[in-house]
Amino acid sequence: MAGKHSPVDNFTVSYKISSKRAAHEIAIKMLNVTFYKEYMGHGYNFKTHKVDKLYEGINVSNISYKIEF
């Protein structure tokens, strides 16, 4: 996988409501939406008795709510 372009996509969707007293915002953020596998290190494979490179694709999602006075 070395030398290839990494198609890691992130996006955020947010909605904000403003009033005289306060502003409310809710947001959904997602990191690595494509689950692109990145190099994590080396690990021993007990089945083949060899050291293999480890790749892992992790998706991180977050929902947030914010109040501004």
Among the residues of the stretch 19-69, what is the count of those that are within 24 Å of residue 7 (Cβ to Cβ) and among the aromatic types (Phe, Trp, Tyr)?
4
Can you name every residue in the stretch 45-64 that is assigned to a loop (DSSP other than H, G, I, E, B) and within 14 Å of residue 11 (Cβ to Cβ)?
59
Based on what the data block shows, is residue 46 more than 21 Å from residue 69 (Cα to Cα), of a type in the set (Phe, Trp, Tyr) and modelled with pLDDT of 95 or more?
yes
Can you pull out every residue in the stretch 20-54 that is among the small types (Gly, Ala, Ser) and either in contact (Cβ under 8 Å) with a residue 24 or more places away in the chain or open to solvent by 60 Å² or more (accessible area, probe 1.4 Å) (or both)?
22, 23, 27
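The values are calculated or read from the model by the stated rules, or taken from the named source; none is laboratory data. Owing to the predicted nature of the structure, the values given are computational and were not obtained by experimental measurement. We place every Cβ from the backbone using ideal geometry, glycine too, and count neighbours over all the protein chains shown. Areas reflect the complete protein model, heavy atoms only, side chains present, ligands, DNA and RNA absent. Shrake-Rupley method; radii C 1.70, N 1.55, O 1.52, S 1.80 Å.
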